[in-house]
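What follows draws every value from the coordinates through simple rules; no lab data is involved. The structure displayed is predicted, hence computed values, not measured ones. Neighbour counts are summed over all protein chains in view; Cβ atoms, including those assigned to glycine, are modelled from backbone coordinates with ideal geometry.
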Amino acid sequence: MDRRFALLVEDNRRQAELWKAQLELDIPELTAEITVTADQAVASFGEKVYDVVVLDVMMYPRKTWNESDVAYGFLSGVALHQDFSHICKKQGRALPPVIIVSAIQGARTGLFNGAMSYFSRLGCKWIDKPVDPDELVEAVREVLGLPEEGSRDAHG
């Protein structure tokens, strides 16, 4: 069984710890690493090769941020994805699948729809918060090409 690696980019450490525990329990071949800031995410992504990234779309800009400015949140999620793409290009490797998570379901403004459209064009999966752990596990299994839990091939 090949080891798989996931980068969880979520500014709520408690939430990220829950995702990590669920993913590693349900996908035994997966090791998940948590980053809670955009700086940590970029540093980790540049140092290691991940098979999948779970990205909170509302990661605020690295230098300065205003918690009340939703626009900065969405733009920084897009910028962070672009940072990952740049690192991959520079290192000559493929960008891993990205699963986007977002707490903003009802306020689908123009900017929100723009971010959603950007990630959709790239084939990113989108999961609304609060994240259903089973939905997250299934999304990670799907992008990694792993069999569904409970199938004959799921555990060897």
Fill in the blank from the handout: Along segment 15-26, Karplus-curve 3J(HN,Hα) (6.51, -1.76, 1.60; θ = phi - 60°) to the nearest Hz, with x for Gly and Pro, reads 4, 5, 5, 5, 4, 4, 4, 5, 5, 6, 6, 7
Problem - Filter on Lys20/Lys89; Lys89/Lys129; Lys20/Lys129; Lys20/Lys125; Lys20/Lys90 - keep pairs with C-alpha separation over 21 Å - result: Lys20/Lys89; Lys89/Lys129; Lys20/Lys90
Completion exercise
If amide H atoms are modeled at 1.01 Å from N in the peptide plane, then the residues at a separation of 5 or more from Ile100, or on another chain, having amide H under 5 Å from its own are Leu55, Lys125, Trp126, Ile127
Problem - Amide H contacts of Thr31 (H built 1.01 Å from N, under 5 Å, at least 5 apart or other chain) - result: Arg4, Phe5, Ala6
Handout entry: Approximate spin-label separation Val49-Leu18, in nm, with each point projected 7 Å along Cα-to-Cβ
Key = 3.4
Exercise for the section: Treating only the Cβ atoms of Lys and Arg (+1) and Asp and Glu (-1) as charged, compute the dipole magnitude of segment 4-58 about its Cα centre; round to the nearest 20 debye. Expected result: 40
